[in-house]
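Here's the structure we're looking at; comments come further down.
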Amino acid sequence: MTDRTDGRPHLAVIGAGPAGLTAALAAAARGVRVTLVDSAAQAGGQFYRQTAPGLGARRPQALHHQWRTWERLRDGLAGHVAAGRVTSLTDHHVWFVERQSGTTGGAPASFTVHALLGPEQEEPVTVHADAVLLATGGYEKVLPFPGWTLPGVVTAGGAQAMLKGGLVLPGRTAVVAGTGPLLLPVAVGLASAGAKVAALVESADPRAFVRHARVLAAHPAKLAEGAWYAAELARYRVRTRVRHTVVAAHGTGRLEAVTVAALDGDGRVRPGTERRIPCDTLAVGHGMLPHTDLAEALGCRLDGVDVAVDDEQRTDVPGVWAAGETTGIGGAALAGAEGGIAGVSIAARLNSRIPDRSSYASAAKARAGMREFFAAVDTVCVPPARWAEHVTDDTVVCRCEEVTASAVREAVDELGAGDVRTVKLLTRAGMGWCQGRMCGPAVAGLARCPETPSRRPFARPVPLGVLAREPGEPHDTSPSTTGWDPS
Amino acid sequence: MTPRTPLDLVDARRGPAFTVTFDGREITVLPGQTIAAALWSAGITSWRTTRGSGEPRGVFCGIGVCFDCLVSVNGRVNQRACLVPAEAGDVIRTQKGTGHHD
């Protein structure tokens, strides 16, 4: 049932990162009642992941960028929560969003957001809403290489998350490797927190940016940011090796060293350039992927791997908006611009009005510019073209089900699998706990198949007892109340 | 350059530490840290062995997506160490395989 007891429309925002927060504030300021649902203990998302309060960080901004934006979002949220306009549900892991079509006479749809209360994620909670904004963010893509399952090898974003959230380092000597803009803050963050960063290994060739000189020139702030990182890397004496890649990680029981090598113009390792770097941490990432499970289950159209949205950040499913990384990887500032536009659009559309474009013209301009910038980054920051050739047969590709590269190759070359789904059915790659989130790009690359969305019915594991409950059993949380009521 | 730690960097004025056990060994935890953060602080990077080949695993994605950091906490297996906050007196054990006696 749609709950409009106070006459105000109700929006559920899934994800309290820059996109979701900006949207929640924009919508709440325009009279929409908002429930903000997020899996973490505190709002902020991955970009503004907060240090646990018990650690008493007095200068948390030392681990962050664009802190003033965070202060504005944080204070704005607190103000709306205090005024009763926004309900912020933390530790709520959303696994499904259900859409009930309007009944008769063209009544609008309504939504039920199904979540599990964390961290055990066994107690169900539901939130009812008139509209949904999906601001589910992204996660890191990592391509396999021999030794990548050794403890001490972590994703670049994971190293940063553990540092921001728990103030810990995985070891003393780190190598940061892969490709993409995330590697810079990770390397600088680890170094500033006391790790020795033995090398920053980037497979891209920065000279390729020359082809995008016009786009770069239009983004002086991004160039200044790049220069700042370069200065920080120099300050911490981090050796940067571009057009290089990690070909293997070594160790018994845990990481002890990595081998890096130079790449030629075709993305092949240049023979004789291999060098071994002792380290106890490898923070590695090859770009980001959007979380699209909730959107797919709602039937939203995807554009490649991204949720497709229009100029107002609407998906093609009425009542469902999307903003931030889930609509295409582009960082926190772009996510904020998209969230702001979505919030304005939602507030208008829920009151059967057409949004005033002039009210978000500057955000739309910023959005266009940043999308153009990250499109350029995407063409430059690509994994080595021949990465699959360096994945030895005995390398585990699917970490959950321990499926090796040879099993994937056999499925394709000998058993005739022509798509990732068939490879999965033949090998179990992608059938484990993570549901193929980690191995998806690797399996597609090794099988020489296009990467396709995985179509997961639920966005996270759900206890059978929760699925078995009858609809309407007393576990609903009214949107006007906070928290979980176990009555 | 003076050696620094993440705690120095943010000028952490943390609350009192407490202890948990990992495979019977006592380790110190700072308030608010997840089990993964607590284990990392103690120099422990693996706390699971895989079902198939028994290989050691620990944190990989760090944000709850990959399920590589599964661990047994107070007898409950398959807990994601990167998400679950450590509590005083927790009994944390290496998870072998599925964690169930099979």
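Values quoted throughout were computed directly from the atomic coordinates according to the rules given, and no laboratory measurement underlies them. Nothing here was measured: the structure is a model prediction, and the numbers come from that model. Neighbour counts are summed over all protein chains in view; Cβ atoms, including those assigned to glycine, are modelled from backbone coordinates with ideal geometry.
Less than 5 angstrom separates the built amide H of A:Glu123 from those of A:Leu117, all sequence-distant by 5 or more or on a different chain.
Simple rule: put +1 on each Lys or Arg Cβ and -1 on each Asp or Glu Cβ in segment A:259-375, find the dipole, and look at A:Leu334, A:Val305, A:Val260; the Cα lying farthest toward the positive end is A:Leu334. Adding -39500 (n - 2.57) for every DSSP H run of four residues or longer, then dividing by how many residues the protein assembly as shown holds, sets the calculated 222 nm ellipticity at -8000 deg cm²/dmol.
For the Cα trace of segment A:97-191, dividing Rg by the Kirkwood Rh returns an Rg/Rh value of 1.18.
Residues whose amide H comes within less than 5 Å of that of B:Gln79, counting only those at least five positions distant or on another chain, are B:Val71, B:Val73 (H built at 1.01 Å from N in the peptide plane). Taking 0.36 nm per residue of sequence separation and removing the Cα-Cα distance, the B:Glu26/B:Thr94 pair yields an extension gain of 23.1 nm. When all alpha carbon pairs of the protein assembly as shown are counted in 20 Å bins from zero, the resulting P(r) reads 20, 56, 23, 0 %.
For A:Lys222, a cut-off of 20 angstrom between C-alpha atoms picks up these lysines, skipping any fewer than 8 places away in its own chain: A:Lys365.
Of the cross-linked pairs A:Lys164/A:Lys196; A:Lys141/A:Lys196; A:Lys164/A:Lys424; A:Lys196/A:Lys424, those separated by over 28 Å at the C-alpha level are A:Lys164/A:Lys424; A:Lys196/A:Lys424. Listed peptides A:230-243, A:313-326 appear in the order A:313-326, A:230-243 once ranked by packing, highest mean of other Cβ atoms within 10 Å at the front.
Phi-derived couplings, Karplus 6.51 cos²θ - 1.76 cosθ + 1.60 at θ = phi - 60°, listed residue by residue for segment A:111-122: 10, 10, 8, 9, 10, 10, 7, x, x, 5, 6, 10 Hz, with x used for Gly and Pro. For segment A:118-157, what log10 I(q)/I(0) values come out of the Debye formula at q = 0.22, 0.24 1/Å, with one point per alpha carbon and no solvent? Each listed q maps to, in turn, -0.90, -0.95. Scalar couplings 3J(HN,Hα) for segment A:337-353, obtained by applying the Karplus form with A = 6.51, B = -1.76, C = 1.60 to θ = phi - 60°, are 4, 5, x, x, 5, 4, x, 5, 4, 4, 4, 6, 5, 5, 10, 6, 10 Hz; x denotes Gly and Pro. Gyration tensor analysis over the Cα atoms of segment A:10-64 returns equivalent ellipsoid semi-axes of 25, 11, 9 Å (largest first, whole Å).
Each label was represented as a point 7 Å from its Cα along the Cα-to-Cβ direction; for B:Val77 and A:Ala83 these points are 5.2 nm apart. If R0 equals 22 Å, the separation of the Cβ atoms of A:Asp316 and A:Asn351 corresponds to a calculated FRET efficiency of about 0.55.
Calculate the dipole size of segment A:26-124 relative to its Cα centre from +1 charges on Lys and Arg beta carbons and -1 charges on Asp and Glu beta carbons; express the result in debye to the nearest 20. In debye, rounded to 20, segment A:26-124 gives about 620. Shown here for segment A:26-112: trypsin sites (Lys or Arg not before Pro) in loop regions (DSSP other than H, G, I, E, B) with at most 12 other Cβ atoms within 10 Å, namely A:Arg58.
Each Lys and Arg adds +1 at its Cβ and each Asp and Glu adds -1 at its Cβ; summed about the Cα centre, segment A:198-287 shows a dipole of about 220 debye.
When +1 charges are put on Lys and Arg Cβ atoms and -1 charges on Asp and Glu Cβ atoms, the dipole computed for segment A:398-457 relative to its Cα centre reaches about 300 debye. Phi-derived couplings, Karplus 6.51 cos²θ - 1.76 cosθ + 1.60 at θ = phi - 60°, listed residue by residue for segment A:200-209: 10, 10, 10, 7, 6, 9, x, 5, 5, 5 Hz, with x used for Gly and Pro. For the peptide B:35-41, the mean number of other protein chain Cβ atoms found within 10 angstrom of a residue's Cβ is 5. In terms of its C-alpha gyration tensor, segment A:260-309 comes out oblate, because a/c is 1.5 or above while a/b does not outweigh b/c. Taking a ≥ b ≥ c as the square roots of the eigenvalues of the Cα gyration tensor of segment A:178-262, is the shape rounded (a/c under 1.5), prolate (a/b larger than b/c) or oblate? Oblate is the answer for segment A:178-262, as a/c is 1.5 or above yet b/c matches or exceeds a/b.
Relative to the longest principal axis of the Cα atoms of chain A, the long axis of helix A:156-166 lies at roughly 60 degrees. Near B:Asp90, the amide H atoms lying under 5 Å from its own belong to B:Thr21; only residues 5 or more places off or on other chains count, and H is placed 1.01 Å from N. With the charge dipole of the protein assembly as shown set up from +1 on Lys and Arg Cβ and -1 on Asp and Glu Cβ about the Cα centre, the Cα lying farthest toward the positive end among the listed residues A:Pro124, A:Gly287, A:Val176 is that of A:Val176.
With respect to chain A, whose longest principal axis is taken over its alpha-carbon atoms, helix A:361-380 is tilted by about 20°. The region of chain B that goes longest without hitting one of the trypsin sites (Lys or Arg not before Pro) in a DSSP loop, each with at most 14 other Cβ atoms within 10 Å, is B:14-102.
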